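Colleague: This structure is in structure tokens; I'll ask about it shortly.
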Amino acid sequence: MTREGVLCAGTILVDVAKVIDAYPALDHLATIEQVSLSTGGPGLNMAVDLRMLGAAFPIGVLGAVGDDEHGAFILAECLRLGIEVTGVRKLAGAVTSFTDGMIEREGGRRTFFHHSGANALFDASAADLGRARVLHAGAPGIHPVMDRPQPGGGNGWSALLQRAQAAGLHTNMEMVSLAPNRTTQVARPCLPYLDSLVINELEAGALTGIDAPAPTADGPADWPALEAMALGLIEHGVSALAVVHVPAGCVAAAPGGRTWRQGSVRLPREQVRSTIGAGDAFAAGVILGLHDGWAVERCLRLAVASAAASVRSPHTSAGIQPADICLAEADRFGYRPTPPVQRVY
């Protein structure tokens, strides 16, 4: 069988973005200045972001929505973008999952209030994987059925990834930031069944036990510690490429000890509208490149370029442009420097 395309499994939701003037103290008032709807969730965002980047290959989604207005909005957006939704179950009586994202006007800081809704009922145990080349899973920890431990070890996510690998798919996963012990509980069983993994430093730290604070894009980043995280993920079972991203850029590691570094785009602070979809946009850049056989360096450069395009819009995916435009814009702004990396072959 010739495999092509990306199948995105997991979180499907509506992001209700609410731009506020500033975060209030407890029991005080903040003013909501803008309200907008967009598609969201680590499963659906990957599909939408790939299409926004200009991916020409087939893209499909596995997940669940309610039979309601938000569910109709999601399905209509997928139809508009040419994303296959035969794997999306519409559940009568369920509420489509949504997240209220409170986004500070200056700088784009955000806080999320999430309702799991139909995502709580998502079950991929018998899902058809079709002819996809890549299975993307996002995200363990917020899907009770998939997160549930299974007899003999693992959970629904690890079982899905194992089944996909056995069928010849490249498997990838990203996460949402949870308490460290919860991250370890739901994600550690998945690592032996992943070909690639794209996560942030908090998630990587929970899985590897390595601490590498990365407070701001221009603040000091502990690049050796970030590399140690990526290498640690390889040691825990990721078979091809582990990527850890921070505001200052990213590192990647492969078996054999090879590592890469890429600085983030030097986007002026005043152009940052919202960071709500930056991590998903970053992951989409990596996956587009891996699907199409790009060198790791080029995958990482598209990843930071895609993330930079995403944050220039208040919506999750609306700011992302075709890959060549994202790369040209990133080149125009330039990239943050990284110390030289010592290559091991």
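The values are calculated or read from the model by the stated rules, or taken from the named source; none is laboratory data. What you are looking at is a predicted structure, and each value in this text was computed from that prediction instead of being measured. A quick note on method: Cβ atoms are made from the backbone with ideal geometry, for glycine too, and the neighbour counts reach across all protein chains shown.
Colleague: Listed residues ILE276, ILE325; which is at pLDDT 95 or above and β-branched (Val, Ile, Thr)?
Modeller: ILE325
Colleague: Moving on to the next point. Quick one: is LEU160 surrounded by 22 or more Cβ atoms within 10 Å (Cβ to Cβ), closer than 22 Å to ALA248 by Cβ and in contact (Cβ under 8 Å) with a residue 24 or more places away in the chain?
Modeller: So LEU160 fails the test.
Colleague: Consider ALA217 carefully, then state whether it is out of contact with any Leu (no Cβ under 7 Å at 6 or more places or on another chain), within 30 Å of ARG312 (Cα to Cα), aliphatic (A, V, I, L, M) and part of a helix (DSSP H, G or I).
Modeller: No.
Colleague: In addition: For the stretch 74-88, which residues satisfy the criterion of being at negative phi, surrounded by fewer than 16 Cβ atoms within 10 Å (Cβ to Cβ) and in contact (Cβ under 8 Å) with a residue 12 or more places away in the chain?
Modeller: Hits for the stretch 74-88 are LEU81, THR86.
Colleague: Shifting gears a bit: Please go through the stretch 311-331 and give me each residue that is assigned to a helix (DSSP H, G or I) and among the small types (Gly, Ala, Ser), ordered by number.
Modeller: ALA323, ALA328, ALA330
Colleague: Hey, another quick one. Of the conditions (1) modelled with pLDDT under 95; (2) surrounded by 18 or more Cβ atoms within 10 Å (Cβ to Cβ), GLY152 fails just one. Which one is it?
Modeller: That leaves (2) as the condition not met.
One line per residue, one yes/no per condition, for (1) polar (S, T, N, Q); (2) free of Cβ contacts under 8 Å to residues at least 24 places away in the same chain; (3) in contact with an Asp or Glu (Cβ under 8 Å, 6 or more places away or on another chain):
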| residue | (1), (2), (3) |
| --- | --- |
| ALA9 | no, no, no |
| ALA17 | no, no, no |
| LEU26 | no, yes, no |
| LEU37 | no, no, yes |
| GLY43 | no, no, no |
| GLY54 | no, no, yes |
| ASP68 | no, no, no |
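Colleague: Let me ask another. Which one is modelled with the lowest pLDDT, of the residues in the stretch 6-52 that are assigned to a loop (DSSP other than H, G, I, E, B) and within 17 Å of the chain's Cα centre (by Cα)?
Modeller: GLY41
Colleague: At least 1 residues that are out of contact with any helix residue (DSSP H, G or I) (no Cβ under 6 Å at 6 or more places or on another chain) and of a type in the set (Lys, Arg) in each: list the strands (runs of 3 or more DSSP E) lying fully within the stretch 69-143 that qualify.
Modeller: By residue number, 84-91, 110-115.
Colleague: Name the single residue, out of those in the stretch 254-269 being outside any loop (DSSP other than H, G, I, E, B) and under 20 Å from the mean Cα position of the chain (by Cα), that is surrounded by the most Cβ atoms within 10 Å (Cβ to Cβ).
Modeller: Once the filter is applied, the top-ranked residue is GLN262.
Colleague: Yes or no: ASP147 within 29 Å of TYR193 (Cα to Cα) and either modelled with pLDDT of 95 or more or buried (at least 17 other Cβ atoms within 10 Å of the Cβ) (or both)?
Modeller: yes
Colleague: Right, next: Among the residues of the stretch 154-182, how many are touching a Phe, Trp or Tyr at 6+ places or on another chain (Cβ under 9 Å), part of a strand (DSSP E or B) and not hydrophobic (A, V, I, L, M, F, W, C)?
Modeller: 1
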